[in-house]
1. All but one of (1) at pLDDT 85 or above; (2) under 17 Å from the mean Cα position of the chain (by Cα) hold for Thr60; which doesn't?
2. Go through region 22-56 and report how many residues are surrounded by fewer than 11 Cβ atoms within 10 Å (Cβ to Cβ) and of a type in the set (Ser, Thr, Tyr).
3. When both residues are 6+ apart or on different chains and their Cβ atoms are under 6 Å apart, which pairs have a first residue that lies in region 20-42 and is assigned by TED's automatic domain parsing to the domain that holds Cys8, and a second that is hydroxyl-bearing (Ser, Thr, Tyr)?
4. Looking only at region 28-73, which residues are more than 16 Å from Asp10 (Cα to Cα), among the small types (Gly, Ala, Ser) and in a loop (DSSP other than H, G, I, E, B)?
5. Would you check if Glu34 is at pLDDT below 85, on the phi < 0 side of the Ramachandran plot and not basic (Lys, Arg)?
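The values are calculated or read from the model by the stated rules, or taken from the named source; none is laboratory data. All values reported here derive from a predicted model rather than from experimental measurement. Cβ: placed from backbone, ideal geometry, glycine included. Neighbour counts: every protein chain shown.
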Amino acid sequence: MEIQNYFCHDCNKEIEVNEAGEIMNGNLLKYKLEDGKEKMVFKCADCYAKDQSLRNYQETEVYSRVVGYIRPVSQWNEGKQQEFGERKTFNV
């Protein structure tokens, strides 16, 4: 297993994780959001010492086209949402 790098939610500083899965210079935090979902974020040691709470978090709204109309995926019916989740994306 190779070393993986992540970034601090607040300052975007690189968070290092060693081969054993230990976080070298920060913390992995789990927050409960207002809608009951959970969000996991990294914070570097400096940002964690200043403020342990999650700030500036906003859920991303994804738009796509279904049957000729561009609408938020969250407003699609359950079947179309599942189909959207199974799509493969390609970068050119």
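1. Just one mismatch for Thr60, condition (1).
2. Final tally of qualifying residues: 1.
3. So the pair list comes out as Asn27/Tyr48; Lys39/Tyr31; Phe42/Tyr6.
4. Within region 28-73, Gly36, Gly68 qualify.
5. yes
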